[in-house]
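Beneath this line is the structure, given in structure tokens, with notes to follow.
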Amino acid sequence: METRKYTTPVIKKGKEITSVPKGSSKLAEAAKNVWYIEYYYNGKQVRVKGGLNYHNDDYLKKQYEADVLLQSIKDDLANGFDPTNPKAFFEQTQKELLPLTDAIAIFKDYHLKHQSRSKTVGTYMSKLNALSAFFPGALLRDMTTQKLENFVQAKINDGTYAHNSVKSAKRIFGTFFNVMVKLGYTTSNPKEGFDKKIKSTKEVAEKHTPYTDHDLKRVFEYLDTNDKFGAFFCRLIYYTCIRPGEIRGLQLRDINLSNGIITIRASIKKNNNDNKNQIVDIDRNLIKEIEKLNIDQYPKNYYLTGSTINIIGETQVGVNTPYDKLMAALNNIDKQDVIDNPRIKAGERIINQGYDLYSFKHTSNIKKYNAGWTLSQIMKANRHGSISMTEIYLKKLGTFTDTKHLEVPAI
């Protein structure tokens, strides 16, 4: 059994009162003495006054303050307080009483230092802030596996979380608490042991839907007429399968028309862990589009898609600019459709088909496959690390494959 490090703290009230002046009392005189809390820690005397002697004119108030201070010291000692190193105890107490909201702010700062993609950080913050709002005033130490399960189940019940959202929430909570453990703010990860039976049956809204041939033609016809920047940006995605965020970072120095290649610098790659540049071949159809821009007349540090007016520009366009321009095009196509056919149903409108910027990439991959490209060739064109990742882009393949003209081999 471990030997006690300290003696039981007691209140010391100074010298005993042996005489009382006229008009006073024994308690009033005792209140004038110097009071303190005394105990011995590892054999050394410790005295704590803690402001007790501000109340020399009120014995009862001084007694109350002394009782409060005494209990506080007892509690601190029981929880590991070391009077020779009070800073360590204070820091540990601060960690134990850390509000969940403050823990999330600490995680955000940590994540921003180790994760350059603001979109990813935003996704984490969305889930974590929702958790904090669900448990207002909660401390980090209050978060248990049961509470995480209750939160996710509530989001499923109110229709907020679909299947993918549940998986994302579990992953984000796991990462969050792992970081808190690493930084010393907690000793366990309550995401461990999360009930795998908690799932959502809500259908996930369609997104990244590949364009039908009809809609692809309509979108580019509209963009070519009304938005040269949007038309060029979307063609870049279709012909190169370069991610929209990477396209925004392309400078003219990255374009080599003579060799027919685009260099994706490590600094603009989505995944830059290997700190290596990547090369993308330029399709001959895209070369024609780039040649129209006369890129040789601009400084090499200008951005290929740096201006919504001139396409090439000195600075990057906003993160959401390409997406917003595509959505504006889809909405305007819809408006014309409603004029042409006022009875068109909401489900038939182009804006409700799940089309977005990544849809051009999905469409490109499906067309490549139907044109005879192998999976490994498509994987290389996408700069994917595995065939399974490439197959994600082909999951809608069946929707765009016609089998009517094919004959089943006879038995």
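The values are calculated or read from the model by the stated rules, or taken from the named source; none is laboratory data. No experiment lies behind these values; they were computed from the predicted model shown. So basically every Cβ, Gly included, is an ideal-geometry build from the backbone, and we count neighbours across all protein chains shown. Just the protein is used for accessible areas: all its heavy atoms, side chains included, with ligands, DNA and RNA removed. Shrake-Rupley method; radii C 1.70, N 1.55, O 1.52, S 1.80 Å.
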key: HN-Hα J in Hz across the range 15-26 - Karplus 6.51, -1.76, 1.60, θ = phi - 60°, x for Gly and Pro   = 5, 5, 7, 9, 9, 10, x, 4, x, 10, 8, 5
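Once the Cβ-Cβ distance between Phe90 and Met125 is put in as r, and R0 is 25 Å, what FRET efficiency do you end up with, to the nearest 0.05?
0.30
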query = Label-point separation (nm) for Asp75 and Leu60, each offset 7 Å from Cα along Cα-to-Cβ?
reply = 2.4
inquiry  = Taking θ = phi - 60°, what integer Hz values does the Karplus form 6.51 cos²θ - 1.76 cosθ + 1.60 yield along the range 276-293, in sequence order, with x for Gly and Pro?
reply    = 10, 6, 10, 10, 10, 6, 9, 5, 4, 5, 6, 4, 4, 5, 5, 4, 5, 7
ask   = In the chain, with Lys and Arg counted as +1 and Asp and Glu as -1 at Cβ, which of these residues, Leu140, Thr240, Leu394, has the Cα nearest the positive end of the dipole, that is, farthest along it?
value = Leu140
ask   = Quick one: accessible area per residue over the chain, 1.4 Å probe, rounded to a whole number of Å²?
value = 60
ask   = Each label point is 7 Å from the Cα along the Cα-to-Cβ direction; what then is the distance between the points at Arg284 and Asn164, in nm?
value = 3.7
ask   = In the Gaussian network model of the chain, springs joining C-alpha atoms below 10 Å, which of Gln353, Gln377, Gln297 carries the largest mean-square fluctuation?
value = Gln297
Answer label, with semi-axes √(5λ) of the Cα gyration tensor in Å calculated from the coordinates and candidates [x] 48, 25, 19; [y] 68, 27, 14; [z] 68, 25, 22 = [z]
inquiry  = For the range 1-116, what does the relative contact order come out to in percent, with C-alpha contacts under 8 Å and a separation of six or more?
reply    = 21
FRET efficiency for Lys182 and Asp213, using Cβ-Cβ distance with R0 set to 45 Å, rounded to 0.05 = 0.35
request  = Can you give me the three principal axis dimensions of the range 259-304 from its C-alpha atoms, in Å, biggest first?
outcome  = 35, 24, 16
task = Select from Asn79, Ile17, Trp35 the residue farthest towards the positive end of the dipole of the range 1-87; place +1 on Cβ of Lys and Arg, -1 on Cβ of Asp and Glu, and compute about the Cα centre.
result = Ile17
message = Over the chain, with a Gaussian network built from C-alpha contacts below 10 Å, which listed residue (Ile11, Ile344, Ile279) shows the highest mean-square fluctuation?
response = Ile11
ask   = Mean separation of Cα pairs under 8 Å and 6+ residues apart, divided by the residue count of the range 235-341: what relative contact order is that in percent?
value = 24
ask   = What's the extension gain from Lys199 to Ile387 if we count 0.36 nm per residue and subtract their Cα-Cα distance?
value = 64.9 nm
ask   = When the dipole is taken about the Cα centre of the range 38-132, and only Lys, Arg (+1) and Asp, Glu (-1) are charged at their Cβ, what size is it in debye, to the nearest 20?
value = 640
ask   = Projected onto the charge dipole of the chain (+1 at Lys/Arg Cβ, -1 at Asp/Glu Cβ, origin at the Cα centre), which of Leu100, Ile290, Val121 gives the Cα projection farthest towards the positive end?
value = Leu100
Lys, Arg +1 and Asp, Glu -1 on Cβ, resulting dipole of the chain about Cα centre, debye, nearest 20 = 860
request  = Please go through the range 186-260 and write out the GluC sites (Glu not before Pro) that DSSP classes as loop and that have at most 14 other C-beta atoms within 10 Å.
outcome  = Glu192, Glu203, Glu206
key: the range 245-303 - charge dipole about Cα centre, Lys and Arg +1 at Cβ, Asp and Glu -1, debye rounded to 20   = 160
key: Debye intensity ratio I(q)/I(0), log10, the range 170-220, q values 0.22, 0.29, 0.31 Å⁻¹ (C-alpha model)   = -0.86, -1.05, -1.11
ask   = Considering amide H positions built from the backbone, and no H for Pro or chain starts, which residues 5 or more places from Tyr6, or on another chain, come under 5 Å of its amide H?
value = Asn42
remark   = Under a Gaussian network model of the chain whose springs join Cα atoms within less than 10 Å, the largest fluctuation of Lys113, Lys167, Lys127 belongs to Lys113
request  = List every residue whose amide H lies under 5 Å from the amide H of Ile264, counting only residues 5 or more places away in sequence or on a different chain, with H placed 1.01 Å from N in the peptide plane.
outcome  = Gln278, Ile279, Val280
ask   = For the range 2-59, what size does the Cα cloud have along each of its three principal axes, sorted from largest down, in whole Å?
value = 53, 22, 13
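Two decimals, Cα atoms only, Kirkwood Rh: what is Rg/Rh over the range 113-187?
So for the range 113-187, dividing Rg by the Kirkwood Rh gives 0.96.
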ask   = When only Cα pairs under 8 Å and 6 or more residues apart are kept, what is the percent relative contact order across the chain?
value = 11
